[in-house]
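Asks: Structure in structure tokens, see below.
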Amino acid sequence: MMSRNNRSQKAPRVRFQTVAREIAEIGRSFYSRGWVLGTSGNLSAVVRQHPLLLAITASGFDKGSLVPAQILEIDADERVVGGKFKPSSEAAIHLAIVRARRTRAVFHTHSTWGTVLSDTCASANGVELRGYEMLKGLEGVHSHEHTERLPILENSQNMKEVAAKVTDLLEKQSDIHGFLLRKHGLYTWGATPREAKRHVEIIEFLMEVLVRSNSAENISRQD
């Protein structure tokens, strides 16, 4: 008979393997949409809440060919407890979001649209998405009349500093579904990896609409 201790050790391992497969699949799908080109972007999901264990993409891998073996397991202090590669340098941001939102998955993309808007709208400290039917796909949103604000934070190579800014932002703005790092990209999250994936798809779609519609307006003015 398996002891209770062995069962408790085996359950997180099985859970990690399931989460790693799901993250790898989602990473490949994001690559196919042009949202995580090169080695950009990172994805994570909670394996266990107490004590915290997080599955996260390893640093430096092409998301177009991402496999479960390239997903690591880290603890609340960013220490690798499973896997042989280096975790994303932005693991501190993922952990900050997980703690502040008590969420189960955090996804970061580097699309053209998010990069453009994160710079052109930086002086306004954010991007407003309003009046679009697609907004209803965000958790808790029930009307196209909703206004979703994506705050913009300054980027830095000091990830601890950025993580502190993220924590402060999420404490002050509890109703947002994501934010942008300037000249960098989108962070969003969800109660499950599938919910976080949906949020990425919706916000990326709306950011693309904004950039393309502004370009179309500029072209029509020139005509």
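All of the numbers you see were taken from the coordinates with simple rules; none came from a lab. Just so we're clear, the structure is a prediction, and the values are computed from it rather than from any experiment. All Cβ positions, even for glycine, are placed from backbone atoms using ideal geometry, and neighbour counts span all protein chains on display.
Asks: Grab the other residues whose beta carbon is less than 15 angstrom from that of Phe205, score K and R as +1, D and E as -1, and report the net.
Replies: Working: positive: Arg33, Arg130, Lys136, Lys197, Arg198, Arg212; negative: Glu133, Glu148, Glu201, Glu204, Glu208.
Once all neighbours under 15 Å are counted, the net charge is +1.
Asks: If a paramagnetic tag sat 7 Å from the Cα of Val209 along the Cα-Cβ line, which residues of the range 26-63 would have the backbone N under 12 Å from that point?
Replies: none
Asks: Of the beta bridges DSSP finds with both residues in the chain, what % are antiparallel, to the nearest 5? Can you show the working numbers first?
Replies: On the way: 30 of 32 bridges.
Antiparallel bridges: around 95 percent, rounded to the nearest 5.
Asks: List the residues, sorted by chain then number, that are 5 or more residues from Cys121 or on another chain and whose placed amide H is less than 5 Å from its amide H.
Replies: none
Asks: Using a cut-off of 9 Å between beta-carbons, work out the net charge of the residues near Leu72 (Lys and Arg +1, Asp and Glu -1, Leu72 not included).
Replies: On the way: positive: Lys84, Lys86; negative: Glu73.
Local charge sum for Leu72: +1.
Asks: Can you work out the FRET efficiency for the pair Lys136 and Glu171, with r the C-beta to C-beta distance and R0 = 25 Å, to the nearest 0.05? Could you put the intermediate results ahead of the total?
Replies: Values: r = 26 Å, r/R0 = 1.06.
Efficiency, rounded to the nearest 0.05: 0.40.
Asks: Right, here's the next one. Can you order the peptides 204-213, 141-150 by their average number of other Cβ atoms within 10 Å per residue, highest first? Each step should come with its number before you reach the end.
Replies: Working: 204-213: 17.6, 141-150: 14.4.
Listed from highest to lowest mean packing, they are 204-213, 141-150.
Asks: Could you tally the net charge around Met159, taking each other residue with its Cβ under 14 Å from the Cβ of Met159, Lys/Arg +1 and Asp/Glu -1? Walk me through the numbers on the way to the answer.
Replies: Values: positive: Lys86, Lys160, Lys165; negative: Asp77, Glu78, Glu90, Glu154, Glu161.
Residues near Met159 contribute -2 overall.
Asks: Can you give the calculated 222 nm mean residue ellipticity of the chain, where each DSSP H run of n ≥ 4 adds -39,500 (n - 2.57) and the sum is split over every residue, rounded to the nearest 500 deg cm²/dmol? All intermediate terms of the calculation are to be shown ahead of the outcome.
Replies: Values: 5 runs with 93 residues, N = 223.
-14000 deg cm²/dmol, from helical runs alone.
Asks: Let me ask something else. With respect to the cross-link table entries Lys63/Lys86; Lys63/Lys165; Lys136/Lys183; Lys86/Lys172; Lys136/Lys197; Lys84/Lys183, which display a Cα-Cα separation exceeding 24 Å? Could the numbers behind the result be given before it?
Replies: Details: Lys63/Lys86 15 Å; Lys63/Lys165 27 Å; Lys136/Lys183 27 Å; Lys86/Lys172 32 Å; Lys136/Lys197 15 Å; Lys84/Lys183 30 Å.
Pairs exceeding the cut-off: Lys63/Lys165; Lys136/Lys183; Lys86/Lys172; Lys84/Lys183.
Asks: If neighbour count is taken as other Cβ atoms inside 10 Å, put His199, His50 in order from fewest to most. List each step's numbers first, then the result.
Replies: On the way: His199 21, His50 6.
Ranking His199, His50 by Cβ neighbours within 10 Å, fewest first, gives His50, His199.
Asks: Would you kindly state how much longer the chain becomes between Arg101 and Ser32 on full extension, computed as 0.36 nm times their sequence separation minus their alpha carbon distance, in nm to one decimal? If you can, show how the numbers build up before the last one.
Replies: Working: separation 69, 0.36 × 69 = 24.84 nm, distance 2.85 nm.
Length gained, Arg101 through Ser32: 22.0 nm.
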